[in-house]
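Undergrad: Sharing a structure here in structure tokens format.
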Amino acid sequence: MASRRIEERREQHKRYKEDVQETGKPFFPHAMFHDTVMSLVVVAVIAGLATVWYLDADGTEAGVLGPHFTDEADPGTTNFIPRPDWYFYFLFYLLRVFKWPESVVLGTVGIPTIALVLLLALPFMDLRRERRLLRRPVAIVAAILVVLSMGVLTYKGATAREALGTELLEAVPVWADRQEFGGNEPAVEGAKVFAQVGCAQCHLYLGTGSQNLGAPELTEIGDGGRGVDGFARYVRNPAEFGNTVMPPYAGLGDENLQKLGAFLDASKGPKGS
């Protein structure tokens, strides 16, 4: 069986060589030469645009292709929700389907790896010369399913809403009422910081948010007696306290960290209605 397949492949290769000699051009050097020339053109265009941009604009005025730079990024901003580029939306939504910690490895490693392995193995698995679409039903159905699934996941990822920012700000008065820290202005301001910087991506607070990466619920975190300064230090650099999963938030600045510490210290469990 194996020897017959080898003979068939040799016959196919022989016919390919004969067809090339009669009607076509071999891949080397013709196609390689065209690819090389086109690659050089693309690199030259990119270099040309970069040169025009650099010479045409300075640090204060924008040229035809835009300024060298605009305002510096503010690491302490509380009104920006980072999202991936559009071509990663399907993975972005895939992580919403596979939740931490039971199945997240499927979305991050399993499915992308399986898809990549199948894509690399396809040329070695499908050795038939038949290319007419009507005679390749399995390949056509598989391609349609892949395109549909990628399209649906991309659309869902693009339209997914984040329970952050201005939406969570509406919950701050409820938190202050139930935890009875409405008269503690720094705690109220800290609750707003908590709502805006994305803490609810990993932490639950009075049933709001989501619990990911093993992050604890913070509804009664203030009962631990860490204190305002202790919470501010912890959030600034969690790795100092042995937490290597939570990222540091030193970029929020001392003022925001103190407000956040006051909010966490005042969170000792619901007392109000």
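Undergrad: Peptides 142-154, 178-190: what's the order by average Cβ count within 10 Å, highest mean first? Show your work: numbers first, answer last.
TA: Working: 142-154: 12.5, 178-190: 18.4.
Descending packing order for the listed peptides: 178-190, 142-154.
Undergrad: Determine ³J(HN,Hα), in whole Hz, for all residues of the range 112-120 in sequence, where each value follows from phi through the Karplus function 6.51 cos²θ - 1.76 cosθ + 1.60 and θ = phi - 60°; x replaces Gly and Pro.
TA: In residue order, the calculated couplings are x, 5, 4, 4, 5, 4, 5, 5, 6 Hz.
Undergrad: Between residue 217 and residue 170, what FRET efficiency comes out of the Förster formula 1/(1 + (r/R0)^6) with R0 = 30 Å and r the beta carbon distance, rounded to 0.05?
TA: Values: r = 20 Å, r/R0 = 0.68.
It comes to 0.90.
Undergrad: OK, next. Using volume of the Cα convex hull per residue in Å³ as the read-out, say which of (1) 116; (2) 248; (3) 161 was calculated from these coordinates.
TA: Of the labelled values, this structure produces (2).
Undergrad: Enumerate the amide H contacts of residue 219 below 5 Å, restricted to partners 5 or more residues apart or on another chain; note that Pro and chain-start residues carry no placed amide H.
TA: 206
Undergrad: Still on this structure, I have one more. How far, in nm, would the chain grow between residue 132 and residue 11 when pulled straight, counting 0.36 nm per residue and subtracting the alpha carbon separation? Numbers along the way, then the final one.
TA: Numbers: separation 121, 0.36 × 121 = 43.56 nm, distance 2.05 nm.
41.5 nm is the gain from fully extending residue 132 to residue 11.
Undergrad: Then there is this: List, in order, the whole-Hz ³J(HN,Hα) value for each residue of the range 252-264 obtained from phi through the Karplus relation with A = 6.51, B = -1.76, C = 1.60 and θ = phi - 60°; use x for Gly and Pro.
TA: 5, x, 4, 5, 5, 5, 5, 5, 5, x, 5, 5, 5
Undergrad: If you don't mind, there's one more thing I want to ask. How high is the FRET efficiency between residue 155 and residue 210 when r is their beta carbon distance and R₀ equals 25 Å, given to the nearest 0.05? Intermediate values should be presented prior to the final figure.
TA: Values: r = 22 Å, r/R0 = 0.87.
Rounded to the nearest 0.05, the efficiency is 0.70.
Undergrad: Additional query: Can you give the relative contact order of the range 83-160 as a percent, counting alpha carbon pairs under 8 Å and 6+ residues apart? All intermediate terms of the calculation are to be shown ahead of the outcome.
TA: Numbers: 40 pairs, mean separation 45.5, N = 78.
Across the range 83-160, relative contact order equals 58 percent.
Undergrad: Mind running the shape call on the range 1-42? Use the C-alpha gyration tensor, a ≥ b ≥ c as the square roots of the eigenvalues: rounded below 1.5 for a/c, prolate if a/b tops b/c, oblate otherwise. Can you show the working numbers first?
TA: Details: a/c = 6.54, a/b = 2.35, b/c = 2.79.
Judged from the Cα gyration tensor, the range 1-42 comes out oblate (a/c at least 1.5, b/c at or above a/b).
Undergrad: In degrees, nearest 10, range 0 to 90: what is the angle between the Cα axis of helix 137-159 and the longest Cα principal axis of the chain?
TA: 30 degrees
Undergrad: Sum up the charges of everything whose Cβ sits under 10 Å from the Cβ of residue 189, counting Lys and Arg as +1 and Asp and Glu as -1, but leave residue 189 out.
TA: Values: positive: 192, 259; negative: 185, 255.
Combined, the nearby Lys, Arg, Asp and Glu give 0.
Undergrad: While we're on this one: In degrees, nearest 10, range 0 to 90: what is the angle between the Cα axis of helix 32-56 and the longest Cα principal axis of the chain?
TA: Its long axis makes an angle of about 40 degrees.
We did not get these values from a lab; they are worked out from the coordinates using the rules stated. Given the structure is predicted, the values throughout are model-derived calculations rather than measurements. Cβ: placed from backbone, ideal geometry, glycine included. Neighbour counts: every protein chain shown.
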